[in-house]
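Chemist: One structure, pasted below without further comment.
The values are calculated or read from the model by the stated rules, or taken from the named source; none is laboratory data. None of these values were measured; they are calculated from a predicted model. We place every Cβ from the backbone using ideal geometry, glycine too, and count neighbours over all the protein chains shown.
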């Protein structure tokens, strides 16, 4: 049986997140993975992350958009501080040069979407 496009995308996203150092036990990991999928299916969502993307993720997980934003931010902070330097440098290039400056949630979602698909 062949994998559908959603399953293939989730597998690729999961692999990339794990290699970069994101922690699956964090809610933000799951929210981020879903945000990347939604952004792939509807690229215009990347133009309105706080108004459209977070509420859509929140609806799918039965939570609030504020919770989604915060959980993703924490997941990014964790990966940024303790993730794989090689993978983070590959994905984020110049953004990773100064490891003291964490990229925004929107930047991470956009970069992951671009790299996964």
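Chemist: Any residue in the range 105-116 that is on the phi < 0 side of the Ramachandran plot and surrounded by fewer than 21 Cβ atoms within 10 Å (Cβ to Cβ) sitting within a Cβ distance under 8 Å of a residue that is at pLDDT below 90 and outside any helix (DSSP H, G or I)? List the pairs, counting only those 6 or more apart or interchain.
Modeler: Hits for this filter: 111/103.
Chemist: On the given criteria, is residue 40 under 25 Å from residue 85 (Cα atoms) and either in contact with a helix residue (DSSP H, G or I) (Cβ under 9 Å, 6 or more places away or on another chain) or at pLDDT below 95 (or both)?
Modeler: In short, no.
Chemist: Could you name every one of the helices (runs of 4 or more DSSP H) located completely within the range 1-71 that has at least 2 residues being surrounded by fewer than 16 Cβ atoms within 10 Å (Cβ to Cβ)?
Modeler: Output list reads 5-20, 54-61.
Chemist: Here's a check for you: in the range 81-104, which residue that is part of a helix (DSSP H, G or I) and in contact (Cβ under 8 Å) with a residue 24 or more places away in the chain is farthest from residue 116 (Cα to Cα)?
Modeler: Our first condition is that a residue be part of a helix (DSSP H, G or I); within the range 81-104, this holds for 81-82, 85-92, 94-97.
Among the residues that remain, those that are also in contact (Cβ under 8 Å) with a residue 24 or more places away in the chain are: 82, 87-88, 91.
Working: 82: 21, 87: 13, 88: 14, 91: 10 Å.
Among those residues, the one meeting the criterion is 82.
Chemist: Name every residue in the range 87-101 that is crowded, with 17+ Cβ neighbours inside 10 Å and modelled with pLDDT of 80 or more, in order of residue number.
Modeler: 87, 88, 91, 92
Chemist: Can you find a residue in the range 87-105 that is within 20 Å of residue 37 (Cβ to Cβ) and out of contact with any helix residue (DSSP H, G or I) (no Cβ under 8 Å at 6 or more places or on another chain)?
Modeler: Yes: the range 87-105 contains one or more residues that are within 20 Å of residue 37 (Cβ to Cβ) and out of contact with any helix residue (DSSP H, G or I) (no Cβ under 8 Å at 6 or more places or on another chain).
Chemist: Please identify the pairs in which a residue from the range 19-32 that is farther than 20 Å from residue 66 by Cβ has its Cβ atom under 6 Å from the Cβ atom of a residue that is crowded, with 22+ Cβ neighbours inside 10 Å and at pLDDT below 95, counting only partners at least 6 apart or on another chain.
Modeler: The qualifying pairs are 20/79; 21/79; 22/79.
Chemist: Can you name the condition, by its number, that residue 78 falls short on among (1) over 15 Å from residue 16 (Cβ atoms); (2) part of a helix (DSSP H, G or I); (3) at pLDDT 95 or above?
Modeler: Only one criterion in (1) over 15 Å from residue 16 (Cβ atoms); (2) part of a helix (DSSP H, G or I); (3) at pLDDT 95 or above is unmet by residue 78, namely (3).
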